[in-house]
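Below is one structure, written out as structure tokens, with a few remarks after it.
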Number of protein chains: 2
Amino acid sequence: MQRTEIKWLWQNATELADKQVTVGGWVKTIRDSKQLGFIELNDGSNFNNLQIVFEDSKIDNFKDVAKFNVGAAIIVTGAVVLTPNAKQPLEIHAQKIELEGASAPDYPLQKKRHSLEYLRSIAHLRPRTNTFAAVFRVRSVAAYAIHKFFNERGFVYAHTPLITGSDCEGAGEMFRITTLDAKNPPLKEDGSVDFSQDFFGKMTCLTVSGQLEAECMAMAFAKVYTFGPTFRAENSNTARHAAEFWMIEPEIAFADLDDDMQLAQDMIKYVLKYVMEQCPAEMKFFNDFYDPDKALISRLTNLVDSDFGKVTYTEAVKLLEEHKDEFDYPVYWGCDLQTEHERYLTEKIFKKPVFVTDYPKEIKAFYMRMNDDNKTVAAMDLLVPGVGEIIGGSQREERLDVLLSRMEELDLKADDYSWYLDLRRYGGTKHAGYGLGFERLIMYMTGISNIRDVLPFPRTTGSAEY
Amino acid sequence: MQRTEIKWLWQNATELADKQVTVGGWVKTIRDSKQLGFIELNDGSNFNNLQIVFEDSKIDNFKDVAKFNVGAAIIVTGAVVLTPNAKQPLEIHAQKIELEGASAPDYPLQKKRHSLEYLRSIAHLRPRTNTFAAVFRVRSVAAYAIHKFFNERGFVYAHTPLITGSDCEGAGEMFRITTLDAKNPPLKEDGSVDFSQDFFGKMTCLTVSGQLEAECMAMAFAKVYTFGPTFRAENSNTARHAAEFWMIEPEIAFADLDDDMQLAQDMIKYVLKYVMEQCPAEMKFFNDFYDPDKALISRLTNLVDSDFGKVTYTEAVKLLEEHKDEFDYPVYWGCDLQTEHERYLTEKIFKKPVFVTDYPKEIKAFYMRMNDDNKTVAAMDLLVPGVGEIIGGSQREERLDVLLSRMEELDLKADDYSWYLDLRRYGGTKHAGYGLGFERLIMYMTGISNIRDVLPFPRTTGSAEY
């Protein structure tokens, strides 16, 4: 069977008048009067459906076809008829309609609109709805845009490991992975679990970041990025947290915090532009149905042409203190900014994405480069309207002595990080990097407000279905 | 600092005569006589090094530079001098050399050649060697080629979950993931571990395949693929097995086993061609140093222009039985082919990649489509020289009644797979797919014979360093 895709029909409509084609897809709607019927068909290649016109006088199984249920898979051969005055460029007048796979009458996705909550309960079927067809197409195109962006700039894509033996002890937010007997694990003489008998000969966890390994690669290739799943065993049941999510982590050598922010901004703009070009129908759908002001596209378009905001943490706190009555959480120099603070900055004060830089060292990780004030580190978070933080990054501490003294302050054992410290012993360079939460980028681009609706099969506290 | 990359210099050499440039990179070799010295510099953008010539009369820190150790990171400003008669197109005559990061004298990667085994023990530094610079560049370019291939064909990239609640019970080759106390897990009244108190409210594992979830997506988008990490808790300490590896799993609707094999062949050829075009220096290196006959490139080039072999399992067994004395393991109809059998088929009999099709149902998975003989299923494995199996695929059983009776034979509970069965209840189509082991593809393309040397930080039985 030579199946022609609906997207191809759409793109080549003018050359196809009266041509015979065969299409295959799923019935989205079907209606008929006595001798005439209409099917809206979708084959996954195109956001918009293809109209199939079927007539009793033209096909030999009109009555059977008229009984097809929504959701059925069918194969249609027919003639292309151009419809220049309609929304769609063409329709198919069927000569033959075959049932590829029937759909039972209890198919859950009937024409009426379903809530996103309900659709989560049938995650195996929801990609067939308009919303999720658009979400997962945009997700796919955005992922490709990210690879394309880094590839064009000569970055090496590094597959850092997900299973890690580092940082496991006492890491409250990590998942342990094991093949030991769950009930009766082997014990050591002191009564503690003998992880030397576990699969990897020690305790292992699922990684929360590939950064440290990416730094190893950056000290060879100068420009690398990761793009893979990441995990948090955080018991937070919010619309912004998933236990398994995808993260992009570039790492660049011979680079400082400004280079890092420039890269982040270039990347975000590149992805937005690419998705808007490649997915106009999907983006129009989000604009019309998921943006209260129907202004999603104009907002993103403006963004591509303007610079992101930039503010130091210290200035940001001053700006927020002027509005402290509007927040649930206190805001003061030294505090970790809450989502409400982040969103206020980006939505109310800057009204666009904004980088917050130079955070107090106490609320940031050990590897971030100490500023000359000895109080703040060369960190940056990118905040975007509607979501809050989507990127967290920093210049890394390349000075071995400074790094070691910071680790000592934080009670981190140098022995546990000897390989990481080696990067500073052997040809270390100024370098920087960041982590982009991929789902949050998709939420930002689509207006979808729950992370469970941008992951095909979300894993969250208490839920790992499918 | 405006750093020019060596790759760019290489590509634009003819226009750069006498121009001043600044480069940054790592010292691969350094030697000097009294007033003149040479540095081979690599910045990760280019497989080949850039020669830096430094003279006492031209720079003000000649003595310091001459003492730089191998591995040091430096920044060099100088004039481009074309070298049309040398292997490299140009060299830089330094006007200024700054030390960005020193390299301690005990830097492990001195000029001498190191064994791959030794280099595994310093995985954080090995990307700086020729072999691993080439391996990880090829890996990155091959990954991009895969995304590009599927993107050009309109596939949706689907991020299927790594944490799974399916198939966990009794799955010997799966890693359990948990946040329960390792020593004193909560118990139920019957004394068994109470997984309802675990993070996801049940026992969860790391996935061995995203196929079943990809099938859900394929029944909406018709053409999808996954590309992500996959896990096996297999206690096999071989050169071909890792506990964490990357897999590509396309899934196509309205497609049968022939379509599946065509897709696999097109994909492999596309990736080989793309990598040979994009990485000529790296591929020449593998050809000259990792192929006993220095015939890697000619072999891969021929392959791109010819069809892969095709043989049924039944025919393959007959062919192998003629050589049974050459094998350690017995070969007979019904046996699971061993690596030695697979390699014999592809290396000795077909002398090229070969698809083996239509395996006995007993040695294949429950979801594979039953052939009319009721003995074999529409499965295919792709075997390649030097590696053995790199792809395993099948047409999937789309007939609900056949699938249910097969599951019953295998004692699989329909309730556990209700969502998977729904795909056959609601508009199922003929469909097919396969899994490509990404590391094995890289091994095949490079001639590197141990999977530990194509993964940046390999995870194998007893080993999860870094």
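We did not get these values from a lab; they are worked out from the coordinates using the rules stated. These numbers were taken from a predicted model, which means no experiment stands behind them. Neighbour counts are summed over all protein chains in view; Cβ atoms, including those assigned to glycine, are modelled from backbone coordinates with ideal geometry.
Would you mind classifying segment A:231-284 by shape? Square roots of the alpha carbon gyration tensor eigenvalues, ordered a ≥ b ≥ c; an a/c under 1.5 is rounded, otherwise it is prolate if a/b is larger than b/c and oblate if not. It comes out oblate by the Cα gyration axes.
Between this copy and the others, label points of B:I363 are 6.1 nm apart in ascending order, each placed 7 angstrom from Cα in the Cβ direction.
Exposure proxy for B:K324, B:K28: other Cβ atoms within 10 Å of each Cβ, ordered fewest to most, give B:K324, B:K28.
Across the copies of the chain, B:E340 has label points (7 Å from Cα along Cα→Cβ) spaced 7.1 nm apart, shortest distance listed first. Take the Cβ atoms of A:R240 and A:N48, set R0 to 41 Å, and the FRET efficiency comes out at 0.85. Can you give the net charge of the other residues whose Cβ lies under 13 Å from the Cβ of B:Q338, counting K and R as +1 and D and E as -1? With Lys, Arg at +1 and Asp, Glu at -1, the neighbours total -4. A simple count of charges around A:E251, restricted to other residues whose Cβ falls under 10 Å of its Cβ and scoring Lys, Arg +1 and Asp, Glu -1, yields -2.
Multiplying the residue separation of B:S115 and B:N85 by 0.36 nm and removing their Cα-Cα distance gives an extension gain of 7.5 nm. The ratio of the alpha-carbon radius of gyration of the protein assembly as shown to the globular-protein estimate 2.2 N^0.38 Å is 0.99. Averaged over the residues of peptide A:237-246, the number of Cβ atoms from other protein chains lying within 10 Å of each residue's Cβ is 2.
The coefficient of translational diffusion for segment A:73-168, derived via Stokes-Einstein from the alpha carbon Kirkwood radius under 25 °C and 0.890 mPa s, stands at 132 µm²/s.
According to the square roots a ≥ b ≥ c of the eigenvalues of the Cα gyration tensor, what is the shape class of chain A, taking rounded for a/c under 1.5, prolate for a/b larger than b/c otherwise, and oblate for the remainder? In terms of gyration-tensor shape, prolate.
Counting neighbouring beta carbons within 10 Å and listing from fewest to most, the residues B:Y417, A:Y426 come out as B:Y417, A:Y426. Using a Förster distance of 22 Å, how high is the FRET efficiency between A:L404 and A:T312, based on the Cβ-Cβ distance and rounded to 0.05? Efficiency, from the Cβ-Cβ distance: 0.25. If the Kirkwood radius is taken over C-alpha pairs of segment B:21-140, then at 25 °C and 0.890 mPa s the Stokes-Einstein diffusion coefficient equals 163 µm²/s. Our note on the geometry: Cα centres of segment A:384-427 and segment A:201-271, 14 Å apart.
With its label point defined 7 Å out from Cα along the Cα-to-Cβ axis, A:N61 lies at 8.0 nm from the matching points of the other copies, in increasing order. Anisotropy class assigned to segment B:239-331 is oblate, per the alpha carbon gyration tensor with a/c at or over the 1.5 cut-off and a/b no larger than b/c. Charged neighbours of A:M443, selected by a Cβ distance under 13 Å, balance to +1 (K, R count +1; D, E count -1).
Projecting the Cα atoms of B:Y417, B:L345, B:G447 onto the dipole axis of segment B:334-454, where Lys and Arg carry +1 and Asp and Glu carry -1 at the beta carbon, places B:G447 farthest toward the positive end. My understanding is that a pair violates if its Cα-Cα distance is over 18 Å; which of A:K7/A:K58; A:K223/B:K67; B:K269/B:K352; A:K183/B:K188 do that in this structure? As for pairs spanning more than 18 Å Cα to Cα, those are A:K7/A:K58; A:K223/B:K67. Pair-distance distribution P(r) for segment B:108-226, from all Cα-Cα distances in 5 Å bins starting at 0: 2, 9, 12, 11, 10, 10, 13, 12, 11, 6, 3, 1, 0 percent.
Cβ-to-Cβ counts within 10 Å put B:F438, A:F68 in ascending order as A:F68, B:F438, the fewest first.
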